[in-house]
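For reference, the structure is listed below as structure tokens.
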Amino acid sequence: MLNLQNVLNKLDPKQALEQAVQAAELHEVSWDEGINAVFSVITKDTALAPTNVRNSKDGKISAIEKWVLKYHRGFCGRASQRVSNPPGTLADPIIESIIGARLTHLNDDDLNKISYAHRLGMSAENILGLFLEEYLADNLSEFGWHCAWGETVRSVDFVKETGELIQIKNRSNSENSSSSRVRDGTLIKKWYRIEASKVEYKWDLLNKMCGIGTLSEKQFVAFVHKILKANPRALAVESRNPWKS
């Protein structure tokens with residue numbers, strides 16, 4: 001099976017674009033300036049094509065068509081539209097025992113609340129990146145920056161129509177080694193929202209990178225509250241969570 005990079009290497013950018021637009025029409029995916037800008041990035045530099053997109057085994061679905069659907073799923077799964085599932089696993093009872101053995105003044109109810117608070121915090125952390133991605137998408141598109149929804153550009157989160165690339169992370173310690181290797185020796189810029197060891201936000205740096213001055217932590221927090229008010233199911237809360245009511 002050919003992966004997307006192989007497919008794009010066999011086509012010139014115009015041919016690849018024609019196939020992508022046809023796939024979008026087939027699946028009723030809007031081909032707007034955002035998806036056009038993101039797809040153009042991987043046709044110009046096929047090394048940035050995601051490595052997990054391949055032709056189907058029977059050859060009936062092309063890697064380009066799969067890429068279009070991957071982008072569309074990412075866009076439709078953004079925080080404002082997402083319905084999150086609660087954790088699929090149960091808490092290990094020994095966690096409460098460990099905490100109770102160290103903090104002996106806590107009773108069983110206290111320990112139960114701590115366990116559920118931890119699970120709720122983890123759920124919030126799991127969707128934090130989606131909030132950040134959508135906040136930036138909403139505020140950067142008018143300046144020519146477009147989100148690579150669904151991880152449709154390798155280790156790149158936002159692209160500009162002029163060809164600039166930015167990798168977005170929430171914290172200074174959240175980048176994995178594979179992402180770093182892809183960025184090394186390239187023109188991909190890196191930005192993270194907050195330092196891991198202290199409360200120090202980096203919005204000024206992103207504003208400078210993007211040539212604007214409107215992004216801020218205060219705005220981001222307000223955006224998160226607005227989304228959760230309109231779509232509370234973006235953050236799953238277990239039915240038995242004592243913090244629910």
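Values as computed for the structure displayed
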read-out	value
Selection status of residue 37, modelled with pLDDT of 95 or more, touching a Phe, Trp or Tyr at 6+ places or on another chain (Cβ under 7 Å) and surrounded by 15 or more Cβ atoms within 10 Å (Cβ to Cβ)	no
Flag if residue 111 is of a type in the set (A, V, I, L, M, F, W, C) and over 21 Å from residue 193 (Cβ atoms)	yes
Subset of region 206-242 (residues that are in a loop (DSSP other than H, G, I, E, B), farther than 30 Å from residue 113 by Cβ and of a type in the set (S, T, N, Q))	214, 216
Helices (runs of 4 or more DSSP H) lying entirely in region 1-56 (those with 1 or more residues that are touching a helix residue (DSSP H, G or I) at 6+ places or on another chain (Cβ under 7 Å) and among the charged types (D, E, K, R))	33-44
Hits in region 54-88 (condition: exposed (fewer than 15 other Cβ atoms within 10 Å of the Cβ), free of Cβ contacts under 8 Å to residues at least 60 places away in the same chain and farther than 26 Å from residue 240 by Cα)	56, 57, 58, 59, 60, 61, 76
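The values are calculated or read from the model by the stated rules, or taken from the named source; none is laboratory data. Here the structure is a predicted model, which means the values were calculated and not measured. A quick note on method: Cβ atoms are made from the backbone with ideal geometry, for glycine too, and the neighbour counts reach across all protein chains shown.
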